[in-house]
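Heads up, the thing below is written out as structure tokens.
The values are calculated or read from the model by the stated rules, or taken from the named source; none is laboratory data. Since the model is a prediction, treat every value here as computed from it, not as a measurement. Positions of Cβ are generated from backbone atoms using ideal geometry, with glycine treated the same way; all protein chains shown enter the neighbour counts.
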Amino acid sequence: MLKPLLSSIIFSVMVLGARAQVLIHKDPEISACVQEVNTDSLSTYIRKLVSFGTRSTISSTTDPQRGIGAARNWVLSEFNRFAASADGRLSAFIDTVTYTPDGKRVSTTIHLGNVVATLKGADTADHRIFIISAHLDSRKSDIMDATGDAPGANDDASGCAAVLECARILSKHIFGPTLIFVTVSGEEQGLLGSTYMAKKARAQNWDIQAVLNNDIIGSNNSSQTNIEGNTQVRVFSEGLPYYNLDKEASIIRQLGLENDGKARSLARYVKETGERYVDNLGVMLIYRNDRFLRGGDHTPYVENGFAAIRITEMNENFTRQHQDVRTDKGISYGDLPAFIDYAYLARNTQLNLSTLANLAKSPGLPQMVRMDTRDLTNNTHINWQAPKEGSPHGYYLLIRETTSPTWQKKIFTTQTDITVPISKDNYFFAVQSVSETGNESLAVVPLPGR
Ligand SMILES: [Zn+2]
């Protein structure tokens, strides 16, 4: 005899196999934050960053007007400006580390600096950290040119603008866990700044649950294929995890979890949350860690076992990126502010902001999530324990077909176990904690157990 199956069904995004209406439930606090994203602010940040001439990681750190040093000091001053109205919750500093010549992209000793702003969580028992990152450094066509103009308006002042705008808006709010807003250096020199930060986080056991890396998020047209559009954005995520794959490969293979690693699961969360809060923006999930021939600052995090994804514009123009400003055979090159679509950048910023805010307001992950596989049955029984952080209003059981990229059905319960008449053989399941205001944790896939 089955006990009552579900305490209630809040909504089902789709009846499995058949499309239905989608009920959108927004948290008013997050909606208000999303509305605060301002195209003038974004434009001001980018023009200011471009005004430093070059932000090459190997450029001057002492010139007050030109180079990476002046740029990072300005970012720090912006964070400090936001901190002034954050009641002591926001603090910022430049985390510096010395690199000596490496025979590759560092030719002299440099004092690399990541500008880090921390919005300390209000709950001292909550050690979760959510990070938004972009890279401050820019480059010329010649990666070793430390002095010539390298405006980097889109790559990656656009990402830095999103980081600053999220810090400006979210630092006025109080969250249980901690948010970190960071603009790193050394990306173009070989992901140096993010590698330094990810290794430090691993060594110090930071409980980083999500890293949103924004790199090139402000332009709306593609070179070669000449496609224009500002209503889609890409989220890149690794499938099989780089970290500890040798240890986890057999369980991944046995359970078919190739698409349920930390990064892919975070990407799915970004899509669901972003599309809930941001109009006219579709998130295209790309099932690979990054583009061909390119790297990004999420990679050192995934290599150190953290959930990290890359957010990048839909249509890339390679006559802009990594190119000296010039005109050649009638084609203009260079990464200038005039080629940014600020309305598009604003939507991509809203995508980040809504995701960060929803995570920051979510209870912790449900613990010890287990699927009962002892008996041959067409019912599925899953149980779990309450999260360590926050106080959940309840939980969502998530269900999707094994071939579906996103969760299709969501069942709400206030219990910590659930039985559904849906076969575990035919669907994927996961559990999220959810707050009173509908803010979901990341999804946890059950392991076989009892
Ligand atoms: Zn970049």
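Of all residues in the stretch 270-297, those that are farther than 13 Å from Asn352 by Cα, in contact with a Leu (Cβ under 7 Å, 6 or more places away or on another chain) and modelled with pLDDT of 95 or more total 1.
Quick one: which residue in Thr319, Thr327 is farther than 17 Å from Cys166 by Cβ and within 16 Å of the ligand (Cβ to nearest atom)? Testing whether each residue is farther than 17 Å from Cys166 by Cβ and within 16 Å of the ligand (Cβ to nearest atom) leaves just Thr319. Sub-8 Å Cβ pairs linking a first residue in the stretch 292-303 that is free of Cβ contacts under 8 Å to residues at least 24 places away in the same chain and over 14 Å from Arg202 (Cβ atoms) to a second residue that is more than 14 Å from the ligand (Cβ to nearest atom) and part of a helix (DSSP H, G or I), at least 6 apart or interchain, number zero.
Kindly provide the set of residues from the stretch 117-135 that are assigned to a loop (DSSP other than H, G, I, E, B) and either in contact with a Pro (Cβ under 8 Å, 6 or more places away or on another chain) or small (Gly, Ala, Ser) (or both), ordered by number. Across the stretch 117-135, the qualifying residues are Gly121, Ala122, Asp123, Ala125, Asp126, His127.
The C-beta contact set for the stretch 225-254 (first residue touching a residue at least 60 places away in the same chain (Cβ under 8 Å), second residue of a type in the set (Asp, Glu), distance under 7 angstrom, 6+ apart or interchain) comprises Asn230/Asp341; Val233/Glu313; Phe236/Asp290; Pro241/Glu248; Tyr242/Glu303; Tyr243/Glu303. Remark: Arg105 falls outside the filter, which requires a residue to be out of contact with any Leu (no Cβ under 9 Å at 6 or more places or on another chain), buried (at least 17 other Cβ atoms within 10 Å of the Cβ) and in a loop (DSSP other than H, G, I, E, B). Those helices (runs of 4 or more DSSP H) of the stretch 169-277 in which at least 2 residues are within 16 Å of the ligand (Cβ to nearest atom), closer than 20 Å to Asp95 by Cβ and not hydroxyl-bearing (Ser, Thr, Tyr), considering only elements entirely within it, cover 192-203. Taken together, the residues in the stretch 278-311 that are within 16 Å of the ligand (Cβ to nearest atom) and crowded, with 24+ Cβ neighbours inside 10 Å amount to 9.
Among the residues that make up the stretch 136-153, is at least one of them in a loop (DSSP other than H, G, I, E, B), within 26 Å of the chain's Cα centre (by Cα) and more than 16 Å from the ligand (Cβ to nearest atom)? No; the residues of the stretch 136-153 include none that is in a loop (DSSP other than H, G, I, E, B), within 26 Å of the chain's Cα centre (by Cα) and more than 16 Å from the ligand (Cβ to nearest atom).
Residue count for the stretch 59-80, restricted to those that are more than 24 Å from the chain's Cα centre (by Cα) and either modelled with pLDDT under 95 or charged (D, E, K, R) (or both): 2. For the stretch 334-389, filtering for residues that are at pLDDT below 95 and buried (at least 19 other Cβ atoms within 10 Å of the Cβ) leaves 1.
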